[in-house]
Every structure is written in C-alpha cells, then in structure tokens.
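For reference, the structure is listed below as structure tokens.
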Amino acid sequence: MKLYNTLTRKKEEFVPVNEGKVGIYVCGPTVYNYIHIGNARPMVVFDTVRRYFEYKGYDVNYVSNFTDVDDKIIKKAIEEGVDAHEISERFIVECKKDMEGLNVKPATTHPKATEEIDGMIKMIEELIAEDYAYEKNGTVYFRTRHFKNYGQLSNKNLDDMIAGARIAVNEEKDDAMDFVLWKPKKEGEPSWPSPWGDGRPGWHIECSVMSKKYIGDTIDIHAGGEDLIFPHHENEIAQSEACNHEKFANYWMHNAFLNIDNKKMSKSAGNFFTVREISEKYDLQVIRFFMLSAHYRSPLNFSDTLVEASKNGLERILTAIDRLRELVADGQEDQMTEADQKNVEEAKSLVAKFEEAMEDDFNTADAISAIFELVKLANVTGPEGSTAYDRYLLDTITRLCEILGIVTDKKEELLDADIEALIEERQAARKARDFARADQIRDQLADQGIILEDTRQGVKWRRA
Ligand code: AMP
Ligand code: ZN
C-alpha cells in the first residue's frame, strides 16, 4: 500500500510499526459550534482510510481528539453566560450526530483535552528538565531553536519563518519562534493547577500527549487538514521527539481544503455551511460520496451542481444494488453459467482495479469509477442469467461501497422538503374531498416516523 507522506514529500510503501496493526491519529475539531462541511472532509477521508486498512485485515487503533478548551469555546461561553464545559459538551454531542449522519465510525478513542491535563503537565515537566522548555511569569514556552529538526514537515527553516511570519514582538520569550506550552489563568477562564500556577495547556501539547497515551511514542499515521502542517504539526513533532527521543509519526497525511468559490471554507471567513444545514437539503450520504469523488489531496469546490452530479451518481449505484437484491430475492438456488463465469472474471479485475486505486494513495475517485464499471455489468444481468451470478455481483458491489462507507440499505429517510411537499399534497386532497388519498399520505408519513398535527394555524409536523 502506497501513501503520500507530507514529511518526505513522496509516495511511500506503508510499513507498520507493529505487523498487522496500524495506529492512526487524526486531529479533531475544536468544539464551539456545529462543524462545517470543511471540517467534515478530514473526518470522511480518514474514516475511509481506516475502513480500507480494516478491509485489508489490519487491527486499526484510530484516535481522534476533541479540543474542548480553547479561546473560541471560552468566548462562546461568555456570550451565552454559561460554563465553557457546557459549550464543549454540547457541541461534542452535535458533532457525533453529524459524524453518524456521514457514516463516520466512532474512533477507537475520542480523548478530550480537558481530561488529559495531568499527562500534559508531565510532558511539559520533562521538556523543562531537558531544557527544551522554560517558564516565564506562569507561561511555559518551548525552546524551538533547541530542536534541531524544526521545520522538517513544513519544509521551512527557522530564520525564513521569522522573516516571513512577522511574529509579534514579545519581550518575555527568549526567541521569537518559541511557542506556548502552558498559559496562565485569566479571570473567568477554565484553569487547572500546575507547577507554574493555575492555567491551561497550549493547543499543540494536547495532541502530543493524547497520541502518546492512546497509540504510543511512534504513531504510524498522523493526519489532519493541510492547514495544520504549520505550525500545529510541526510543533507536535518538536514536543514529542524532544520528550520521547523517538520518531513521532512515520507517515503524515493531509487533506486539501473544501472550498467555496475556490476559497477555503472557514468559520472565520463566514463562507461556510454546517453539516446540519446541508443535511436539510441533501442526504449526508450524498455529501460523503461527493467528498470521495475527488482525491483527498486535491482541493474540492463545493457547489450545488457538483453535489447534484454526485447525488445522481450515488443513485445510479443504489438503484443497481436494489435491482440486484430483487433479482436475488426472486431467484432460485442455481449455478453460474459459463457466460457468467466469464463475467465474474471481469468483475474480479474491477475489484483489483478498485484495490489498486485505493492502494495508490487512496485514490477514491478511481476506486469509484471501478464501482461504476461493476454497476454497468450489473445493469445488463437479467432473468436469463443465474441467481448465483447476481448474488456475486450484489455482494461485490455492496462490499466495495462499505469500504468507502457508503450505506447501501435504502433508508428512504424523507428530507424536510419532501415532507412539506407531501403535506401540501394532503391538504390539496382534503380540499378536493379525496379523503382516501389524504389518509394514505398521513399513513405514509407515519411509517417514516413523521407525526402530523392539524392545528388552527395549519398542519404542523415533527419527527418521532
Ligand atoms: P478546526 O476545528 O478548525 O481545528 O478544524 C478541524 C479539522 O478540519 C482540521 O483537520 C482542519 O484542518 C480541517 N479543516 C478546516 N477547514 C477545512 C476546509 N475548508 N477543508 C478541509 N479541511 C478543513
Ligand atoms: Zn493536533
């Protein structure tokens, strides 16, 4: 299996630290609001990477954190007049709901920064003991120049960084490139006791500590969006390698951005859609399929036209699967004909094509085209072929979809717009005194867990 390693800037053969096992750490979201579909890209992409490793028989330890202490969380808490913890817990729950909608599997462990403070204090103490860190007035800084390989991931050298970064002058630091490991408490902020006074950890140290605790000193694959390469991941390497004296991560994978009008979707730019908003308009399976239709290292522009194209593509696959299911359900126990055997050979070569694409740095776009070719085969089977062959195709296509995390069971979950259209139709039927049709619509909605209430203000509906 080959994957592109940001650290070496080339595709490399994957060799695990421990045979048959893979430890993957993916930097998770800061939980102060609903996640947007840009944040969902790394979730979908690396969940697919995980699923492929599982398909290949690896024992996968997948760790993804929640950053639940941060300026943005504190700001939101102050705005709402509640505790920061209440904000982060609320949006962890909401984030997990969105992940479920996108069919992103829960991680093996989802550590939360606020529950790992002891480990962070311990790592900072170790760094101070080795002179990789120092304290000034309650703040602890990492001594960046002391770490000889700094800049290896982002391919930068320290002096260029200083020239380019226009880092604010801070008399307190020994060097402009030193970064914060621990910051002192400010009034009204959450804090924890430490040898340097009450305070809270810096962002980078969280991931160094959580990945060490849940995976080990050396991670197989460390992943996240490409905006994290510098400084976050560069700083994680510096902290972890200075402390553990071991290589931190063997492979670094970074997804490119999800854009709108070719600009990065982000909360700060205001050009974002939350996963929740989008779920009102599209089945989230369509969004997952859309994200996998591009290579993860290519920028992906979000537009209704492109999402509609993905919706049609996914529909084509699901319709073929439904048709095969019907053929199999109506068929009998039989054996493949000679012609079927030949087609099986072709199907096998398409599965090989799918695997080759996935093993070439997770080229999901090409993997999906292999599925479309299988769908073509499926669409020309008919009652004259054997049920055994239909079953073979059905199993093959559903298995490949499963690797991509595409749900193949028709859920038929109604979207808000569909529900409202049905309610209107029911009203029209009642006006026309077609009560049979009106009742039929009410029952159809009830089957889908939609409850109607006739009120004086009109019809109200809710999901059961
Ligand atoms: P944040 O909550 O900003 O720390 O982001 C959580 C994850 O989402 C990180 O891995 C980011 O790199 C990633 N991310 C944020 N915005 C985008 C975007 N527009 N496209 C792709 N990934 C993104
Ligand atoms: Zn991180």
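The values are calculated or read from the model by the stated rules, or taken from the named source; none is laboratory data. None of the values given here were measured: they were computed from a predicted structure. Backbone-built Cβ (ideal geometry, glycine too); neighbour counts: all protein chains shown. Heads up: the accessible areas ignore ligands, DNA and RNA and are worked out on the full protein's heavy atoms, side chains in. Shrake-Rupley method; radii C 1.70, N 1.55, O 1.52, S 1.80 Å.
Before moving on, here are some points about what is shown:
- Some residue of segment 229-250 being open to solvent by 10 Å² or more (accessible area, probe 1.4 Å), away from ligand 1 (no atom under 16 Å from the Cβ) and within 22 Å of the chain's Cα centre (by Cα): yes
- Pair list, Cβ under 8 Å, 6 or more apart: segment 312-332 residue open to solvent by 80 Å² or more (accessible area, probe 1.4 Å), other residue among the hydroxyl-bearing types (Ser, Thr, Tyr): 332/387
- Residues in segment 333-350 that are closer than 28 Å to residue 295 by Cα and open to solvent by 70 Å² or more (accessible area, probe 1.4 Å): 3 in all.
- Failed condition for residue 140, given (1) assigned to a loop (DSSP other than H, G, I, E, B); (2) at pLDDT 95 or above; (3) open to solvent by less than 40 Å² (accessible area, probe 1.4 Å): (1)
- Restricting attention to segment 28-72, the residues being open to solvent by less than 10 Å² (accessible area, probe 1.4 Å), touching a Cys at 6+ places or on another chain (Cβ under 7 Å) and not aliphatic (A, V, I, L, M) number 1.
- Flag if residue 206 is under 22 Å from the mean Cα position of the chain (by Cα), within 16 Å of ligand 2 (Cβ to nearest atom) and free of Cβ contacts under 8 Å to residues at least 40 places away in the same chain: no
- Residues of segment 272-292 include none that is among the small types (Gly, Ala, Ser), outside any helix (DSSP H, G or I) and in contact (Cβ under 8 Å) with a residue 12 or more places away in the chain.
- Taking first residues from segment 10-35 that are closer than 15 Å to residue 254 by Cα and partners that are away from ligand 2 (no atom under 16 Å from the Cβ) and open to solvent by 30 Å² or more (accessible area, probe 1.4 Å), the Cβ contacts under 8 Å between residues at least 6 apart in sequence or on separate chains come to 10/4; 11/2; 11/4; 11/360; 12/2; 12/4; 24/61.
- Residue 185 closer than 22 Å to residue 60 by Cα, touching a residue at least 12 places away in the same chain (Cβ under 8 Å) and either surrounded by fewer than 22 Cβ atoms within 10 Å (Cβ to Cβ) or of a type in the set (A, V, I, L, M, F, W, C) (or both): no
- Condition check for residue 139: assigned by TED's automatic domain parsing to the domain that holds residue 176, among the β-branched types (Val, Ile, Thr) and farther than 19 Å from residue 207 by Cβ: yes
- Residue in segment 272-290 that is open to solvent by 50 Å² or more (accessible area, probe 1.4 Å), within 12 Å of ligand 1 (Cβ to nearest atom) and at pLDDT 95 or above present: yes
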